Amino acid sequence: HSERMKCEALKDRITTAEAAATLIRSGMTLGTSGFTPTGYPKAVPAALAARFQKEKGCCINLYTGASVGKGLDGALAEAGAINRRMPYQTNTTVRKKLNQRDIRYSDIHLSHFAQEVRYGFYGKVDVALVEALEITEEGHIVPTTSVGASPVFISQAETVIVEINTRKPLSLKGMHDIYQPQDPPHRQPIPLVNPEDRIGTTAIPCDPTKIKAIVFTDLDDDPISFTPADEDSQQIARHLISFFQQEVMAGRLPEQLLPLQSGVGSVANAVLKGMSDSPFKNLVFYSEVIQDNVLDLLDNGTFRFASGTSFTLSPDGFDRLYANMEKYRNQIMLRPMEISNNPEIIRRIGSIAMNTAIEADIFGNVNSTHIMGRRMMNGIGGSGDFARAGYLSIFATPSMAKGGAISAIVPMVSHVDHTEHDVKVIVTEQGLADLRGLSPWERAESVIENCAHPDYRPALRDYLAAGMKEPGHTAQLMHEALSWHQRFEETGTMKP
Ligand code: 0RQ
C-alpha cells in the first residue's frame, strides 16, 4: 500500500468499505468524484447501498461531477436512498425516479454547480467520497480518470473518504491540472490563456486531518460502449465541416479553427468522428469529455491537444491510453469542471461549441433536456456553459425522431434550455441554418428551408405564414404554438 498511500500520518485510516460507509448517515449530503461513468467511487457506495437496502427509510443528497456509474447513483436510487440529486445524470433508475418525483433533481449548468457548492447555495457537504490514484506525502489527493467537482467537495466537506483504486495505473499521475478560482469580490483572472497552459497542481490539496477513511479497491468503471455513427449523423458532420471551410474562406475562422467543444450523445460522437475525414489538422479540443474518437483524432494529427475533465473511454480506449501514456501525457490534460466549463475561459479562447438538441424551434430556441416538455432526459450538463460563452454555438439534431412521428423542428420548443440569443447555428441531416444577425422571421425561414424534414416543411411554412399575419415581432401563434406536441400525445404523431 505504501506505493499509493504516502502520507505516514494517515496509515491508521486504512479500513474496509463497510466501515468507511458508516461515516455516511441518513440525512447527510455526499459529494463524490466522477464525471460520466469514470473516476467515481465504487466500493463504499456498494457497501452504503447494501446498508440502506436493509435499513429502510434512509436518504441522502447525492452531488457528483456529472453522470456516474450505476453502482453509485443507480444502486442508491434502487435502495430508495436518494433525496436530492445534482447536477446531471444519465442513469435509468434515477431518470425514472426523478420523473416520478421520487427524487428531487436540480438540473444545473456544470460551471455554476462547482462554484455554487462553494458559495453554500446547496447547503453543507458533509462527506466527500473520492476515487484516487494515490495520497501524497502531504495528504493531497491525486484523482484518477476524471476530476469533475472533486476539488470543491474536498475543500468544503468536513469528512473526506478516499478510495484508492489500484486498477488505475500510476502513470496517469501528472495529467491533471488542479486550479480553484477565488471567491468574489476578490476573484483574479484565471491565468489560462492557451488551452495547453498548466495553471495548477497535479494533486487536489486536502487538509489531511479531514481524511477519516481510506479504502483500497481494484474495481473497474462501468464499461462504456459507443453506438456507431448512422447516416444522418454523418450527414450532419459533413454539413458542419463545409460550414467551417466557408468560415475559414470568409476570414471568420483561422485555418486551425478555434478550440472545439463537443457535447455528449450519438450525434456529437459522429460529428467528432467526421472531423477525421476533414482537411483540418492540428486542431485544439477544449471540452469536457475525452472520448475514444478524441484519441483517434490525436493519433491521426487532426487534433494536437485535448483538454477535458474526464476520460470517457471504452475498455479498448483505456487500453490504448494506458499503453501510450508517454505520448498522450503531452497531449491531454484533465481539469476540474469549474475550469473545463468556465465561461471566462470559453469566451477568452473563442470556443466552437457543438451540442445536441432534442428539439429546436423555428426561431432558434433549443430544448436539450425535456421530452414533450415534461420528461427529463439527462440534464443541461455543460451545453449552456459553452453555448452562451462560445465564439460560435452550434446545435445539431436529426430532423425527425421516432421514425418520423416527431419533428425535431417545431413551432415552439416544449422546454427552453438555450435561447434564440445563444444559438448561432442549427444543423440537421437536411442542412445548416446560420442564424447570425437574422430577424425572427428570417430565422424561421432559414430553419424551415434548411433544417426541417421535407415531410414537415409545408406545415411549418403554413404556421409561419399565419404567424406573420398577427401583429408583433416574433410570428408566434399563442393558441397553436404547442399544438404539435399535443397532437403527438393524442394521436402518436405530430403529422396533421
Ligand atoms: O429515445 O432513448 O427512447 O431511443 O431521445 O436521442 O438521438 O439517441 O440522441 O444520444 O445524441 O442524445 C440531447 C439527450 C441527445 C444529449 C441528448 C429521443 C430519441 C431517443 C435520445 P430512446 P438520440 P443522443 C456536455 C454536453 C444535454 C447535455 C449536453 C444530452 C432519445 O445530447 O443529454 O449537451 N444533451 N451536455 O428517440 C422526443 C424529440 C426527440 C426525442 C430525440 N424531439 N422528441 N424524443 N428523442 N429527439 C456533456 C456533459 O455535460 C457530460
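Tabulated values for the structure
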quantity: Sole exception among (1) crowded, with 16+ Cβ neighbours inside 10 Å; (2) more than 15 Å from the ligand (Cβ to nearest atom); (3) more than 26 Å from Ser67 (Cα to Cα) for Asp232, by number; calculated: (2)
quantity: Search result, residues across the range 412-461 that are of a type in the set (Val, Ile, Thr) and assigned to a loop (DSSP other than H, G, I, E, B); calculated: Val413, Val416, Thr419, Val423, Thr428
quantity: Filter pass, Phe243 being at pLDDT below 95 and out of contact with any His (no Cβ under 9 Å at 6 or more places or on another chain); calculated: no
quantity: Out of Arg320, Arg304, sole residue that is surrounded by 15 or more Cβ atoms within 10 Å (Cβ to Cβ) and either modelled with pLDDT under 95 or part of a strand (DSSP E or B) (or both); calculated: Arg304
quantity: Residue selected from the range 357-385 under the condition assigned to a strand (DSSP E or B) and crowded, with 23+ Cβ neighbours inside 10 Å, by the criterion nearest to the ligand (Cβ to nearest atom); calculated: Glu359
quantity: Residue match in the range 462-480 (condition: surrounded by fewer than 16 Cβ atoms within 10 Å (Cβ to Cβ), among the basic types (Lys, Arg), out of contact with any Leu (no Cβ under 6 Å at 6 or more places or on another chain) and modelled with pLDDT of 95 or more); calculated: yes
quantity: Single residue of the range 22-59 satisfying the filter (in a strand (DSSP E or B) and β-branched (Val, Ile, Thr)) that is nearest to the ligand (Cβ to nearest atom); calculated: Thr32
quantity: Scan of the range 386-411 for residues that are near the ligand (Cβ under 8 Å from one of its atoms) and in a helix (DSSP H, G or I), ordered by number; calculated: Phe386, Lys402
quantity: Qualifying positions in the range 259-276 - in contact with a helix residue (DSSP H, G or I) (Cβ under 7 Å, 6 or more places away or on another chain) and either buried (at least 17 other Cβ atoms within 10 Å of the Cβ) or assigned to a strand (DSSP E or B) (or both); calculated: Pro259, Gln261, Ser262, Gly263, Val267, Asn269, Ala270, Val271, Leu272, Lys273, Gly274, Met275
quantity: Of all residues in the range 60-100 being of a type in the set (Ser, Thr, Tyr) and outside any loop (DSSP other than H, G, I, E, B), the one that is nearest to the ligand (Cβ to nearest atom); calculated: Thr92
quantity: In the range 204-226, residue farthest from Ser314 (Cα to Cα) [restricted to those that are of a type in the set (Val, Ile, Thr) and more than 18 Å from the chain's Cα centre (by Cα)]; calculated: Thr209
quantity: Subset of the range 235-257 (residues that are crowded, with 19+ Cβ neighbours inside 10 Å and assigned to a loop (DSSP other than H, G, I, E, B)); calculated: Leu253, Leu257
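The values are calculated or read from the model by the stated rules, or taken from the named source; none is laboratory data. Quick caveat, the model's predicted, so the values are computed rather than measured. Glycine gets a Cβ as well: all are built from the backbone with ideal geometry, and neighbour counts include every protein chain shown.
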